[in-house]
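Asks: Here it is: the structure, laid out below.
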Amino acid sequence: MTAVGLLEVAARVARSGESHYQRDVPATGDKVTGRLVDVNMVAIGDGAVAMTFVDVTEERAAEARLKEIAARDPLTGLWNRNRFRAELNANIAREIPMVIALLDLDDFKLINDTMGHATGDLLLQILGDRLTSNLPAHWAMARLGGDEFAIAAPAMDDEAEAVAKRIAEVLTSPLELEGIRITPEVSMGLASYPLDGRDETMLLRMAEAALQGAKAHGDTYRACTERDRSDADRRDRLSRSLASGLDQEQFMLYAQPFVNLSTYQIVGAEGLARWVLPGTGVLTPNLFLDLLGMSGYLTDLTDHMIAHAASLTEGGRTISINLSPADLHRTDLVDLVSKTVGARQNPDAGRLWLEILESRVFAAGHDMIDDLIASGVDVAIDDFGAAFSSLTRLADHEISVLKLDRALLQSLGSNHRARRLIRSVVDASHDLGAVVVAEGVETMEACSVVEDLGCDLVQGFLLGRPAPEPLVADLLQRPGSLTPDDWPDIDAIRAWEAEAVG
């Protein structure tokens with residue numbers, strides 16, 4: 001604002017009787033100085049105006065820097081979630097066509113668990129640098145949290161594949177991490193404005209649906225399809241039903257038996273979560289676990305499963321349930337388990353097993369595992385053979401159960417060397433006092449293989465399908481003999497489900 005302009009404002013203030021006028025204006029002289037001056041004018045009567053001028057250049061610059069910092073992800077320097085949403089809305093307001101890519105890293109959690117969180121953070125920083133160094137500066141790039149990134153590229157919907165290929169090329173070239181050469185792999189979901197949505201919420205929903213589709217099909221990237229849009233609507237409906245589903249105990253324990261092949265007796269069962277949703281069907285965990293996690297209800301499901309599993313052990317048979325990654329960071333889990341086990345009425349109640357995926361074993365601290373064992377339960381390592389961390393834990397802790405990964409068993413075939421290796425692991429587990437369970441046994445040939453390996457217990461469709469607690473509670477709690485022949489068959493299970501779902 002020039003001096004003439006300031007005088008004109010001052011005259012207006014004096015005439016109108018405005019009590020106060022304030023504005024930051026560029027300071028000017030013979031040339032623009034780039035500094036800001038805060039101008040205050042106050043009418044003091046009789047047509048007079050008091051004016052003050054304060055140089056606020058540094059103050060405003062500091063405020064701008066703070067706003068910039070608040071908009072950035074502190075680890076990678078990319079935009080954060082809030083700023084990315086603001087960028088999307090700004091482009092939408094200007095009706096700029098764009099492709100939104102939502103992506104995350106494959107097996108990132110395994111890197112965190114096996115190489116440590118500091119190494120995982122380093123990987124995220126490297127990939128963030130790759131994005132900013134190799135993609136156009138006018139693309140909006142953000143880290144939304146964890147290993148999830150988002151990119152908005154001004155482009156038409158028919159350019160989505162080219163955008164995805166460029167992003168993948170930047171991120172997936174090999175790198176060295178802590179002396180180990182790795183090739184990052186990503187899964188990416190794509191949505192286009194305005195084709196797939198006209199607001200940022202819908203666009204991110206569609207990109208998330210496409211991302212889930214890419215993961216399900218093992219693709220590096222996937223553009224949003226009509227099926228993805230339908231899946232997104234379904235996920236929204238399920239998300240809105242989570243709280244009522246928990247309150248109404250629609251989440252149920254389904255039991256799949258553990259069978260001792262040498263005696264043909266059912267000695268226990270694994271408790272598996274199912275959502276029996278009236279009017280919809282019986283949903284498996286792949287359809288709701290991530291929704292529970294995002295909504296903060298995952299530990300509520302674990303509490304529910306522990307209570308029902310403990311009740312089923314009253315008959316003297318073993319019941320197991322799976323712990324989620326979120327459970328491994330709970331401070332109240334050990335106390336909950338201790339109280340639940342202690343509240344059982346039968347002094348001869350069966351054992352309660354808590355299963356931890358092998359890939360998550362290192363995420364469970366030493367104290368957590370030892371404290372759970374001390375509380376009166378057995379800790380089982382699930383899907384052994386899918387990762388490479390468990391033998392250390394077997395030596396470090398009194399791990400009671402080793403569950404062999406079904407893919408490991410299915411890959412044995414006629415590979416006699418592999419069989420000898422697995423047999424040595426089974427023998428070592430027995431020497432340490434651990435029970436070995438073979439999962440996913442679905443044929444007589446598989447039964448023969450696991451029997452030859454020396455496995456103690458077998459679990460699979462061949463010997464018993466997962467059945468709802470109301471159908472099998474009496475069976476599991478009754479004393480005496482219980483064989484796979486007593487277990488509900490698929491027709492009985494489907495009849496119960498049809499009535500429960502309505």
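Every number here is computed from the coordinates shown, using simple stated rules; none is lab data. Just so it is clear, the model here is predicted, and its values are computed rather than measured. Backbone-built Cβ (ideal geometry, glycine too); neighbour counts: all protein chains shown.
Asks: Under 5 Å between amide hydrogens, which residues at least 5 positions from S320 or on another chain qualify, with H placed 1.01 Å from N in the peptide plane?
Replies: For S320, the qualifying residues are A269, E270, G271, W353.
Asks: Kirkwood Rh over Cα pairs of the chain into Stokes-Einstein at 20 °C, 1.002 mPa s: D in µm²/s? Write out the running numbers ahead of the final one.
Replies: Values: Rh = 27.2 Å.
Answer, rounded: 79 µm²/s.
Asks: Enumerate the residues in segment 242-273 having an amide nitrogen under 13 Å from the point lying 7 Å beyond the Cα of S481 toward its Cβ.
Replies: Hits in segment 242-273 for S481 at 13 Å: 263-266.
Asks: A further question follows. Output needed for segment 73-224: three equivalent-ellipsoid semi-axes, defined as square roots of 5 times the C-alpha gyration tensor eigenvalues, in descending order, whole Å. Walk me through the numbers on the way to the answer.
Replies: Numbers: eigenvalues 133, 51, 36 Å².
Working through the eigenvalues yields semi-axes of 26, 16, 13 Å.
Asks: Using 0.36 nm per residue of separation minus the Cα-Cα distance, give me the extension gain between A50 and R420 in nm, one decimal. Let's see the in-between values first.
Replies: Numbers: separation 370, 0.36 × 370 = 133.20 nm, distance 9.43 nm.
123.8 nm is the gain from fully extending A50 to R420.
Asks: While we're on this one: For the peptides 213-220, 297-304, what is the packing order when you average, over each peptide's residues, the other Cβ atoms within 10 Å and list the highest mean first? All intermediate terms of the calculation are to be shown ahead of the outcome.
Replies: Values: 213-220: 14.9, 297-304: 19.1.
Sorting 213-220, 297-304 by mean packing, highest first, produces 297-304, 213-220.
Asks: When the scattering of segment 408-502 is computed by the Debye formula from its Cα atoms alone, each counted once and equally, what is log10 I(q)/I(0) at q = 0.18, 0.23 Å⁻¹?
Replies: Computed log10 I(q)/I(0) values: -0.90, -1.13.
Asks: May I ask you to list the residues of segment 150-164 whose amide nitrogen lies under 20 Å from a point 7 Å from Cα along the Cα→beta-carbon direction of N134?
Replies: Under cut-off, by backbone N: 150-154, 160-164.
Asks: Calculate one ³J(HN,Hα) per residue across segment 427-444 by plugging θ = phi - 60° into the Karplus curve 6.51 cos²θ - 1.76 cosθ + 1.60, and present them in order as whole Hz with x for glycine and proline.
Replies: Karplus-based 3J(HN,Hα) across segment 427-444 equals 4, 5, 5, 4, 4, 8, x, 9, 8, 10, 10, 9, 9, x, 7, 10, 9, 5 Hz.
Asks: Report ³J(HN,Hα) in whole Hz for each residue of segment 115-127, in order, from the Karplus equation J = 6.51 cos²θ - 1.76 cosθ + 1.60 where θ = phi - 60°; Gly and Pro get x.
Replies: 10, x, 5, 5, 5, x, 4, 4, 4, 4, 5, 4, 5
Asks: Next question, about the same structure. Under 30 Å between alpha carbons: how many lysine pairs meet that in the chain, if sequence neighbours fewer than 8 apart on the same chain are excluded?
Replies: Here the count comes out as 7.
Asks: For segment 191-256, which GluC sites (Glu not before Pro) pass both filters: DSSP loop (anything but H, G, I, E, B) and at most 15 other C-beta atoms within 10 Å? Write down the numbers at each step before the final one.
Replies: Working: sites: E200, E208, E226, E249; in loops: E249.
Sparse-neighbourhood loop GluC sites (Glu not before Pro): E249.
Asks: Could you order the peptides 173-183, 257-267 from most to least packed, using the average number of other C-beta atoms within 10 Å per residue?
Replies: Final packing ranking: 257-267, 173-183.
Asks: Please give the length that would be gained between V42 and N82 if that part of the chain were fully extended, namely 0.36 nm times their separation in residues minus their C-alpha to C-alpha distance (nm, one decimal). Write out the running numbers ahead of the final one.
Replies: Values: separation 40, 0.36 × 40 = 14.40 nm, distance 3.87 nm.
Difference between extended and current length: 10.5 nm.
Asks: Still on this structure: Relative contact order for the chain: what percent, with Cα pairs under 8 Å and sequence separation of 6 or more? Walk me through the numbers on the way to the answer.
Replies: Values: 842 pairs, mean separation 50.6, N = 502.
Relative contact order here is 10 percent.
Asks: Among residues other than D107 whose Cβ falls under 11 Å from its Cβ, what is the net charge (Lys/Arg +1, Asp/Glu -1)? Write down the numbers at each step before the final one.
Replies: On the way: positive: K109; negative: D104, D106, D113, D147, E185.
Value of the local net charge: -4.
Asks: Apply the Karplus parameterisation 6.51 cos²θ - 1.76 cosθ + 1.60, with θ equal to phi minus 60°, to every residue of segment 280-294 and state each ³J(HN,Hα) to the nearest whole Hz, in sequence, with x for glycine and proline.
Replies: Working through the residues one at a time gives 10, x, 9, 9, 8, x, 4, 9, 9, 4, 5, 5, 4, x, 5 Hz.
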